[in-house]
């Protein structure tokens, strides 16, 4: 976390009058992360053809007061859709509010994909509304994501999700159990799943154990959906799997 003192800047410019009220410390933060996963799963479906993926990102935050945080960032991952697509690059931004133990997050995500050439656009944008409440022994959360034009021009899409994080206070590695369930709807399943697809919604779920030490977080998750291979365009990317991950994060 870094701080920019406006008073010091104004003094340097010779613009300070005797007005202490003009001085303010605006906390700015920058966080970077990098990692690898044995299989990049997005809402239960493999984005890397069930192969490992390299990921990383950077986020900036501005906290004008003790309850509001404004954030923006970039995150990316290698992907493989067997159509020439090589990477996903996401732009994120929004507002996080903290009211005692209640957290509220309102933002957007712009998903961009590189490498593929074709008439359909894989890129899409989602709006997000998420809430959480910290009970101490558990952190439940819920969110809804809305896209007017989802992946591969598959029309209007809504994703509802709920989850919980449960810390295990037994070691210095801060082990945490995390579980989530989600429900995705799509307007045009043929564009999303492939030719012959008729199922316009599905459920995904996962449960895993994560531990953190010296900025490194290691995790193992079981991930699955209620989609059959036929529902998934004849591919095995919607089938259940165990995902291992290792990530490093550092905040300036």
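Just to be sure before I move on: is residue 155 part of a loop (DSSP other than H, G, I, E, B) and exposed (fewer than 15 other Cβ atoms within 10 Å of the Cβ) in the structure I sent? The answer is no for residue 155.
Of all the listed residues (57, 29), the sole one being under 22 Å from residue 250 (Cα atoms), touching a residue at least 40 places away in the same chain (Cβ under 8 Å), in a strand (DSSP E or B) and in contact with a strand residue (DSSP E or B) (Cβ under 9 Å, 6 or more places away or on another chain) is 29. Restricting attention to region 111-142, the residues that are in a loop (DSSP other than H, G, I, E, B) and either in contact (Cβ under 8 Å) with a residue 12 or more places away in the chain or under 30 Å from residue 166 (Cβ atoms) (or both) total 13. For region 190-201, the set of residues classified as out of contact with any helix residue (DSSP H, G or I) (no Cβ under 8 Å at 6 or more places or on another chain), in a helix (DSSP H, G or I) and farther than 11 Å from residue 232 by Cβ consists of 190 only.
Values quoted throughout were computed directly from the atomic coordinates according to the rules given, and no laboratory measurement underlies them. All values derive from a computational prediction rather than experimental measurement. Glycine also receives a Cβ, built like all others from the backbone with ideal geometry; neighbour counts cover every protein chain displayed.
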